Amino acid sequence: MTTDTSRPAPYEQIREDHESRRVSAFTGDALGTHDATGVAEEIRSGRISAQEAVDAAISRVEAVDPVLGATMVRDFERARRRAGHLPKGTSAPFAGVPSAIKDNVHHAGLPMTMGSDALPTAAATEDGPFVRQFLSTGVVPVATTTCPPFGWTATTERPDGRVTRNPWDTGYSSGGSSGGSAALVASGALPIAHGNDGGGSIRIPAAVCGLVGLKSSRGRLLGDPTTDQAPIKIVVNGVLTRTVRDTANFIAAAERYQPSRALPPVGLVEGPGARRLRIGMMLDSPLIGPSDPQTRAAVEAVGALLDGLGHDLEADVELPIPQFFKTDFEDYWGLLALATRAQGKGQYGKDFDPARLDRLTLGLAAKAKRRLVRTPMVLARLAATGTGAERLFPRGLDLLLTPTLCHTTPRIGYLAGDLDFETHMERLTQYVGFTPLHNASGQPSISLPLGRTDDGRPIGVMFSARRGQERLLLELAFELEAAAPLRGSGPGALTPQDGAFARIDD
């Protein structure tokens, strides 16, 4: 298939008045180059204290955030208090490990603005269900992290030029909508951070920042009042990490806090599985068209690696996805924006100000209002995507291999917060052609940093599975991590020792 040359804009060529650089927070402090599991081991052994770990994280955040723009509200003093009062003998796997929570869930004592100027800044009075589950793993949040307004888009760029930058190259997007969390983890400021995913918002920033990003099956993890009342529950919570074991340990810990009654347990995954898998490969989105050459090459290279590991690879797989899925998902997206505009005071408080909504939210809402007559059909068909998810998975395959995104990471400004609605939507839908299906179907998928652009930036490669099969995804991720160390910014990949990153103060 020939490469599409009719993209709506040159996503690699858009420039801004900014000197691009790589940003690293790694240094010889208490955190070192450890992942979250390693930091927890250091704390349990007594080699460092939780307070030292949190102090180191705070110093790192303070060093990189002026460039990355990844935090919304800093919670440093409470983090220090929490680190100093960890329960003795706690079995939480990440006890004392510094982390952060995305600015779109309820965390007691901090505001939740969802990245929007329209929301009030009053502090939440209690933790949401997922935040309680997250804290049960022992993490110590030091801040809330940035997201674009309401998480609608695939970058973390807000109006008036407020952007979150990619630590691999600060001229590029950190992805969205969990871009603040991804930037902090990829830079080494934090070993693990919260994200959530309603159309790719964990997997997209993982792909562009060189991280592991698992979108779990619907119902695997707890939710938040902001999303639990939605007619189709497309949003799932999770984490962004630098290593597979951190993601696996988090899922196991969260499952111990509250296992899903509707899904088979994942348990603690500690390494590769023995079974050879039948894996289908699809290079191009059936809804968008051809992926760009560098993205295709990254997926093909992973396919060759899988073949060399003894897995049975089936190329040129096609999914039976109806063409109306893309329009339905966009209409549902708009319906949520319309509800936000019309019912914001009831959802977020009397100080919600619809006059301060951003262009993308207003454009989505206006489009949804014009198409309200389609709402019953859209909801019915999206619901059917979930109940009929098995039919969407090719018969006889264990997993499906695809790109995470249709093209390489765009520069800051390509999906700017002040962009007109039509341009933003055209660019966005040509970029995000793979991830939304799993939010509608409820199936799990994982983005792994297995590819690189010609100039060394990450390209994410995605595997998806049947609902409830996170264990299979994690086992394969462990195998790939061992066979070809994930090309992210974690231990053994990019650290100050190998010179891959310049220090922030260089």
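The values are calculated or read from the model by the stated rules, or taken from the named source; none is laboratory data. Keep in mind it's a predicted model, so treat the numbers as computed, not measured. Don't worry about glycine lacking a Cβ; one is built from the backbone with ideal geometry, like all the others, and counts go over all protein chains shown.
Observations, loosely collected:
- Yes/no for A92 being of a type outside the set (S, T, Y) and touching a His at 6+ places or on another chain (Cβ under 9 Å): no
For every residue, the table says whether it meets (1) farther than 21 Å from G115 by Cα; (2) of a type in the set (D, E).
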residue	(1), (2)
D312	yes, yes
D351	no, yes
P354	no, no
D398	yes, yes
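- Taken as a whole, the condition of being at pLDDT 95 or above, β-branched (V, I, T), over 23 Å from the mean Cα position of the chain (by Cα) and farther than 28 Å from P410 by Cα applies to I279.
- Every test in (1) within 19 Å of L211 (Cβ to Cβ); (2) surrounded by fewer than 23 Cβ atoms within 10 Å (Cβ to Cβ) is passed by P98 save one, and that test is (2).
- Listed conditions (1) of a type in the set (A, V, I, L, M); (2) closer than 30 Å to E481 by Cβ; (3) surrounded by 14 or more Cβ atoms within 10 Å (Cβ to Cβ); (4) touching a residue at least 24 places away in the same chain (Cβ under 8 Å) are all met by L364, apart from (2).
- Set L268, L221: member being over 19 Å from F478 (Cβ atoms), at pLDDT 95 or above and surrounded by fewer than 24 Cβ atoms within 10 Å (Cβ to Cβ): L221
- Selected residue [touching a Gly at 6+ places or on another chain (Cβ under 8 Å), over 21 Å from G176 (Cα atoms) and surrounded by fewer than 22 Cβ atoms within 10 Å (Cβ to Cβ)] from R276, R296, R256: R276
- Segment 259-278: number of residues that are touching a residue at least 60 places away in the same chain (Cβ under 8 Å) and in contact with a helix residue (DSSP H, G or I) (Cβ under 6 Å, 6 or more places away or on another chain): 5
- Qualifying residue in segment 107-116 (condition: over 30 Å from W168 (Cα atoms), surrounded by fewer than 23 Cβ atoms within 10 Å (Cβ to Cβ) and not aliphatic (A, V, I, L, M)): yes
- Restricting segment 29-52 to residues that are assigned to a loop (DSSP other than H, G, I, E, B) and free of Cβ contacts under 8 Å to residues at least 24 places away in the same chain, the residue that is nearest to A63 (Cα to Cα): G32
- The numbered conditions (1) in contact (Cβ under 8 Å) with a residue 60 or more places away in the chain; (2) over 25 Å from I446 (Cβ atoms); (3) of a type outside the set (F, W, Y) are all true for L428 except (2).
- Helices (runs of 4 or more DSSP H) enclosed by segment 210-321 - at least 1 residues per element that are touching a Phe, Trp or Tyr at 6+ places or on another chain (Cβ under 8 Å): 244-257
- Members of segment 406-459 found to be of a type in the set (S, T, N, Q), surrounded by fewer than 23 Cβ atoms within 10 Å (Cβ to Cβ) and under 30 Å from F324 (Cβ atoms), listed by number: T423, T429, Q430
- Qualifying position, being among the polar types (S, T, N, Q), over 20 Å from R411 (Cα atoms) and free of Cβ contacts under 8 Å to residues at least 12 places away in the same chain, among T137, T144, T121: T121
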